[in-house]
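Data first, discussion second: the structure below is written as structure tokens.
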Amino acid sequence: MKTSLLYKVSRYILPSLKGRGWGVGLLVACSLTFSCSDYLEIYPENVQPTDEYWGSKQDVEATLFAGYYYLRDAVETHLIPWGELRAGCVSARGSNTLQRFEIKPTERTLTKWTPMYKIINSANLVLKNAEKALAADETYTQEELNSHRCEAYWLRALAYFYIVRNWRDAPLVTEPFETDELTFNVAKSTEAQLIAQIKSDLKTAIDMDAAKEKFNTTWETKGRATKWAIYALMADVCLWNKDFDEAISYANAILESTSPSSPRFISMPTHSAWFSMFNPGNSNESIFEVQWSYSKLSGGQPQTNTLTVSFTPNEVGYKYHYSLGIIQDFITEMNELLEIRTTAFLDPEQFGRLLYGSFMLEQPTSYGSATDAFVWKYYGGTSYNTRRMTIQNWDCNYIIYRVADVMLMKAEALVMRQAGTNEADNQAAVDIVNQIRHRTNLADSEVDSHSSLADLMNKCILHERLMELAGEGKAWYDMLRMGRYTDPAGVCDFRQLFINNVMKYNKSGIKESWVRSVLSDPDAWYLPVNATEISTNPLLEQNPYYQ
């Protein structure tokens, strides 16, 4: 039987209202006008009830919030493994085909782009139909509609950016699937076409000048797409696309803003200041983070996640741990700090992102021989050495953008826009890195403005990103982005640096010769299209590496 929009909403959006709902305001926003029976109503075959559905502002918000819900639902199943495992800084417990670069089109979860297309469809529904709600609801203003459209553009752009970084080429869909009469058979668009659409969406949102700088509550300001989230995503996309001057410009829109609502770099060099980004979260440095809250109920159930136990060795449900490579990097930085401050072990506040920051050892006093570590960002409590021990505390947020990330984007763009030949740009980039190091009480980087392009990019900027953003779903994309660069002078072999970095951290029981062979083919840097998608859509072509 062909199904209507309201039936699709009841199937795909209602779970976010009745069960594990997005955000703390979703049930409230939707219950203002609708009962559950309204959503569950199934219309007769071929009846298109779009006009009936889009009758109020709450209808727009319900669909928009469903996009955020789908994003939240993808964090543990997709965003973390996509962004971490191939880089190897965070390793999977046991055997993992993605981490071993042996993933096949028949893999049931990580080759599926469905979670991202759910977000895209929610955004498409809002972009196409919000005007109908404006006409039907006299309390719905044009200003509110424009703000909702900005959020929808951001959600669509973010979802496509995840798709680009994982599949490179994929179907470009900008119309919502509102009835089964619309075809799902869409051929792939190229990476260039997808990037053009992403940038167009974000530029449209910026030019509308309607995105909010802040919402009424802190969780909304940090958990919905503000103007700052749009700038951060645009800077990230421009950096990926080698539009370096643009990346700097959009980064500066955040970093040089004088607005009292703009996010701010937490510069205080203490553990408690640094760790506040993760517990309790929603800090001044945060730009966008996916929200959970045990105290807020969705369908009568607390909003929790399994990030705490997933990143904690010896816990039931444990999935991920730091690799030996990055543990050693953290220990090296701890030793550097101890050389500078001999009382550091007596004052954990001096460690910042180090001990009880990004990571924590089971036995901190024997750190020199450590082989396993907690990803403390997700397990640490509000006191430096306490843990999130009970389910009431298992609601840590997942940060997608924060100011330090944007600062390092700018540093990378400064170096790369003239491929390390401009000393002033190099110095500005190194200064940014050192600013971030200083809040962990570390000395300046050994790399300076006269260093080689390879050292500036690999030993300075990439290293800082891996350490500062460890476990935040960035490592693979950072390594991969570097592997895509070229040095006009032909001196720096970025592809080889990329492969070497993967081999440094990814020690998941695979032969180095195998990984080097796989990564020598750029098609292997991306995921295969899921076999089911290929079988049901005759217009799709498989990634050449997996054919």
On the basis of being open to solvent by 50 Å² or more (accessible area, probe 1.4 Å), of a type in the set (A, V, I, L, M) and closer than 20 Å to residue 443 by Cβ, does residue 331 make the cut?
no
A careful count of residues in segment 354-407 that are in a loop (DSSP other than H, G, I, E, B) and among the charged types (D, E, K, R) gives 4
Here the residues within segment 379-397 that are surrounded by fewer than 24 Cβ atoms within 10 Å (Cβ to Cβ) and of a type outside the set (S, T, N, Q) are 381, 384, 387, 388, 389, 391, 394, 395, 396
Conditions (1) surrounded by fewer than 22 Cβ atoms within 10 Å (Cβ to Cβ); (2) assigned to a helix (DSSP H, G or I) -> residue 342 fails only (2)
Per the filter on segment 481-504, residues part of a loop (DSSP other than H, G, I, E, B), in contact (Cβ under 8 Å) with a residue 60 or more places away in the chain and hydrophobic (A, V, I, L, M, F, W, C) are 489, 492
Of those in segment 501-514 that are of a type in the set (S, T, N, Q) and within 24 Å of the chain's Cα centre (by Cα), the residue most open to solvent (accessible area, probe 1.4 Å) is 508
Checking 166, 185 in turn, the sole residue that is open to solvent by less than 10 Å² (accessible area, probe 1.4 Å), on the phi < 0 side of the Ramachandran plot and in contact (Cβ under 8 Å) with a residue 60 or more places away in the chain turns out to be 166
If we keep only residues of segment 288-320 that are among the β-branched types (Val, Ile, Thr), in a loop (DSSP other than H, G, I, E, B) and touching a residue at least 40 places away in the same chain (Cβ under 8 Å), then the residue surrounded by the fewest Cβ atoms within 10 Å (Cβ to Cβ) is 306
Restricted to segment 519-545 and to residues being assigned to a loop (DSSP other than H, G, I, E, B), out of contact with any Phe, Trp or Tyr (no Cβ under 9 Å at 6 or more places or on another chain) and of a type outside the set (Asp, Glu), the residue surrounded by the most Cβ atoms within 10 Å (Cβ to Cβ) is 540
Counting only residues that are of a type in the set (Val, Ile, Thr), modelled with pLDDT of 90 or more, under 23 Å from the mean Cα position of the chain (by Cα) and closer than 27 Å to residue 509 by Cβ, segment 300-339 contains a total of 5
Among (1) under 22 Å from residue 410 (Cα atoms); (2) open to solvent by 50 Å² or more (accessible area, probe 1.4 Å); (3) touching a residue at least 12 places away in the same chain (Cβ under 8 Å), residue 274 falls short only on (2)
When segment 195-226 is checked residue by residue, the ones that are surrounded by 23 or more Cβ atoms within 10 Å (Cβ to Cβ) and without any contact (Cβ under 8 Å) to a residue 60 or more places away in the chain are 198, 201, 202, 205
Please determine whether any residue of segment 476-485 is surrounded by fewer than 17 Cβ atoms within 10 Å (Cβ to Cβ) and modelled with pLDDT of 95 or more. yes
Any hit, segment 139-152, residues being without any contact (Cβ under 8 Å) to a residue 12 or more places away in the chain, within 24 Å of residue 214 (Cα to Cα) and assigned to a helix (DSSP H, G or I): yes
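The values are calculated or read from the model by the stated rules, or taken from the named source; none is laboratory data. Source: prediction; values computed, not measured. Note: ideal-geometry Cβ built from the backbone for every residue, glycine included; neighbour counts use all protein chains shown. These accessible areas exclude ligands, DNA and RNA; they are computed on the full protein's heavy atoms, side chains included. Shrake-Rupley method; radii C 1.70, N 1.55, O 1.52, S 1.80 Å.
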